[in-house]
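What follows draws every value from the coordinates through simple rules; no lab data is involved. From a predicted model like this one, the values you see are computed outputs, not experimental measurements. When we count neighbours, we look across all protein chains shown, and the Cβ atoms used for this are built from the backbone with ideal geometry, even at glycine.
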């Protein structure tokens with residue numbers, strides 16, 4: 001007998017049915033359980049596969065649609081970056097105009113310098129003279 005995993009834990013329902021069908025037909029092909037034989041299981045498996053097929057197609061279509069959407073989003077982001085750089089470099093507008101602020105950016109005149117002083121580093125605050133150090 002082939003070394004197939006016939007454990008019933010964590011398998012897709014279709015795979016579980018295939019495994020049960022394989023074991024049943026190999027080890028007890030003539031046995032009837034609960035009034036059902038391997039042919040009944042085969043019919044149910046076929047019906048399941050037929051119901052599953054439209055979902056597979058929809059998943060493929062969804063995957064393709066998501067990829068297309070992501071590509072269009074990348075194009076949109078690139079266009080937005082070009083437009084913002086155009087506003088920044090425009091002689092009549094620039095980085096310090098109300099249009100730039102309305103677009104959601106911080107105008108150059110409102111930006112912080114980026115300098116942060118830790119407590120005790122400012123000589124004026126601590127009362128220390130720079131030359132005394």
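Spherically averaged projected area of the convex hull of Cα atoms, the range 1-101: 12.3 nm². Could you tell me the center-to-center distance, by alpha carbons, between the range 8-59 and the range 61-121 in angstrom? Here the answer is 56 Å between Cα centres. Stretching the chain fully between residue 75 and residue 108 yields a gain of 9.2 nm (0.36 nm per residue, less the alpha carbon separation). Residues 15, 117 in ascending order of nearby Cβ atoms (within 10 Å, fewest first): 117, 15. Of 20, 83, the sequence from fewest to most neighbouring Cβ atoms within 10 angstrom is 83, 20. Kirkwood analysis of the Cα pair distances in the range 59-118 returns a hydrodynamic radius of 14.2 Å.
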